[in-house]
1. Counting helices only, and only those DSSP H runs with n ≥ 4, report the 222 nm mean residue ellipticity of the chain as the sum of -39,500 (n - 2.57) divided by its residues, in deg cm²/dmol to the nearest 500.
2. May I ask you to derive the FRET efficiency for R268 and V58 from their Cβ-Cβ distance with R0 = 41 Å, giving the value to the nearest 0.05?
3. Quick one: what are the phi-derived ³J(HN,Hα) couplings along region 66-72, Karplus 6.51/-1.76/1.60 with θ = phi - 60°, whole Hz, x for glycine and proline?
4. Hey, what do the phi angles of region 239-248 turn into as Karplus ³J(HN,Hα) couplings, whole Hz, using 6.51/-1.76/1.60 and θ = phi - 60°, x for Gly and Pro?
5. By count of other Cβ within 10 Å, fewest leading, how are S407, S55, S27, S212 ordered?
6. Considering only R65, R20, R228, give the residue with the highest GNM mean-square fluctuation for the chain, with springs between Cα atoms whenever their separation is below 10 Å.
7. How large is the direction-averaged shadow of the alpha-carbon convex hull of region 375-440, in nm²?
8. Taking the radius of gyration and the Kirkwood hydrodynamic radius from Cα positions alone, what is the Rg/Rh ratio for region 136-372, to two decimal places?
Amino acid sequence: MARYHLTTFGCQMNEHDSERMAGMLESLGYSATEVQDEADLILFNTCSIRETADSRFVAHLGHARRIKRERSDVIVGVGGCWAQSVKDEVFTQFPFVDVAFGPGQVHRLAEFLASDSLTAQGYFEFEGFTGDLPASRNRPFQAWMQISVGCNCRCSYCIVPSTRGREVSRPFEALVEEARGLAAEGVREVTLLGQNVNSYGRDLRPERREFSELLAAIDAVDGIDRIRYTSPHPKDMREDVVRAHAVLPALCEHIHLPLQSGSTPILRAMRRTYDRERYLDRVQLIRSEIPDCALTTDIIVGFPGETEADFEQTLSLVEEVGFDGAFTFIFSPRRGTEAGEITQGLVPHEVKVARMERLVAAVQRGAQKRAQRFVGRTVEVLVEGTSRTDPDRLRGRSRHNKVVNFSGIAAPGMIVPVEITGATSQTLIGEMSLLALAAFG
Ligand code: SAH
Ligand code: SF4
Ligand code: F3S
């Protein structure tokens, strides 16, 4: 039996796509191996969001080249966003690559493997959703659902619109059907994926659909206990979606709402199409409908032209909102993007690093403070496995998307009550509550 080795870089959409690549390969008779040196097919699912993503991948590719030198019949395949963004040069720069494909043509990998083609092939037009391919999931009780591909925004720093193309929504009924099928297989938690999930459905014909309708339809599926989604865009975050959190039992009390910057002029230069006030207004709306909702975000520091005063606007917004967590990034110029071309007002590297440190400290202070509200409460935890630091403890996630390490006895996939006894900025600590468990049963 032929074996494949798959390395995944990048975001949750790539993790989803990799599960589909794996599912497709397994349906072709391939089996997975953890050992790259033993694989007949060495695959990479790549990311290009920041320069570090590129360089990390290119180092991995060097290892594949060495393997290929020793075993020339090994097939090296490169999929995902990096492949898409260098499509014109991939085979000249890396002649040992046999097949390359963008995120919209994963299914062509199967065609390539089934053919007798000895020449390198590249596939880069959007042809179909990876979500339509069979999946090989890591955890039987959790699933990604790809609700759309692509992005119609033009954030000036971002490479994604050029790697994933224009936004296309998957048909409404197909998604509800998929959710039913997942529930029947034992999935309890679904995470809806898209670059801008809350613009879902606006392109559907003959009938437009709203993201909030999709949430309600999936909530109504028996067996789906938790729904998450990522990422919504502040410009499209409307009342109906926020209300949905208050009324749909399965929709979790967590919203990841990417900020990028707290300074209106920088948001304008980033082409985010909202300003500081609009963002704060969305936060207020969320907090008025769902007071306990966890809020997380993405922030970029050191965008070209960012002054100390702009950066302080970001810091003050972080302090004002009090996020439960944030992913923070140093601006990285990307090929083919508007901001990647800017030559004036560049922020020196040491300034970027110093701002990043101040930002991370502010985020952590806020998150640490916010996390204390859980201490003394009993929260529902979906068990994922054993704790990474202590094999005698269990690990799972609360509805607020907090990692919880706790003592108790439960199998992965169970939802159990845990009494929270301590909290850091990153994780909660607790004990499974037998009293509450009895009340559950
Ligand atoms: N579509 C999603 C995710 C985009 S990528 C969204 O809009 O939220 C995830 C995060 O990477 C972005 O939110 C942004 O904070 C960061 N990012 C994107 N391009 C970047 C760049 N060129 N430099 C630094 N960070 C970047
Ligand atoms: Fe990139 Fe902006 Fe689209 Fe997100 S919304 S994928 S940051 S262009
Ligand atoms: Fe994701 Fe990276 Fe592409 S973040 S969308 S895999 S560029």
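1. Only helices count here, giving -10500 deg cm²/dmol.
2. Values: r = 34 Å, r/R0 = 0.83.
In this case the efficiency is close to 0.75.
3. These are the phi-based 3J(HN,Hα) values: 4, 4, 5, 5, 7, 10, 6 Hz.
4. For region 239-248, the Karplus curve yields 4, 4, 6, 5, 4, 4, 5, 6, 10, 8 Hz.
5. S55, S27, S407, S212
6. Sorting by GNM fluctuation, first place goes to R65.
7. 4.0 nm²
8. Working: Rg = 18.6 Å, Rh = 18.9 Å.
Radius of gyration over Kirkwood radius for region 136-372 works out to 0.99.
Bear in mind that the values in this text are calculations on the coordinates, not laboratory data. None of the values given here were measured: they were computed from a predicted structure. Quick reminder, even Gly has a Cβ in these numbers, built from the backbone with ideal geometry, and neighbours come from all protein chains shown.
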